[in-house]
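Peer 1: Before we start, here is the structure in question, set down as structure tokens.
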């Protein structure tokens with residue numbers, strides 16, 4: 001998995017009011033948040049069809065966790081080995097909160 005994305009896509013489930021955010025099954029986003037808070041990665045839906053080495057971690061999920069000051073283990077490892085730089089994330093996006 002790669003950590004190259006710097007800004008969530010317009011239909012990211014972590015963007016308030018995005019088409020994906022508003023059509024997720026009830027409780028699905030909360031389940032995703034529980035998973036990423038517990039160390040799981042979350043693949044960007046636009047890269048799911050790529051081979052695994054080219055799939056990207058969801059930028060919206062990374063922004064969400066960074067705003068909570070709780071990067072998960074995969075993010076911390078990726079940063080230590082130079083695959084991720086939290087300072088390059090666009091933190092000015094309208095991300096969901098209070099989950």
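Bear in mind that the values in this text are calculations on the coordinates, not laboratory data. Treat the numbers as computed from the prediction; the structure is a model and nothing was measured. Note that each Cβ is placed from the backbone with ideal geometry, even for glycine, and that neighbours are counted across all protein chains shown.
Peer 1: Sorting 18, 52 on the 10 Å Cβ count, fewest up front, what's the list?
Peer 2: Ascending Cβ contact count within 10 Å gives the list 52, 18.
Peer 1: How big is the shadow of the Cα convex hull of the chain, averaged over all directions, in nm²?
Peer 2: Dividing the Cα hull surface by four gives the mean projection, 5.9 nm².
Peer 1: Shifting gears a bit: For each of 7, 88, count neighbouring Cβ atoms within 10 Å of the residue's Cβ, then give the residues from fewest to most.
Peer 2: Result, fewest neighbours first: 88, 7.
Peer 1: How would you rank 89, 48, 5, 99, going from fewest to most other Cβ atoms within 10 Å of each one's own Cβ?
Peer 2: 48, 99, 89, 5
Peer 1: From the helices alone, meaning DSSP H stretches of at least four residues, give me the mean residue ellipticity at 222 nm for the chain, per-run term -39500 (n - 2.57), in deg cm²/dmol to the nearest 500.
Peer 2: -8500 deg cm²/dmol
Peer 1: Need one number: nm distance between label points at residue 55 and residue 37, each 7 Å from Cα along Cα→Cβ, rounded to one decimal.
Peer 2: Going by the 7 Å Cα→Cβ label model, 2.3 nm.
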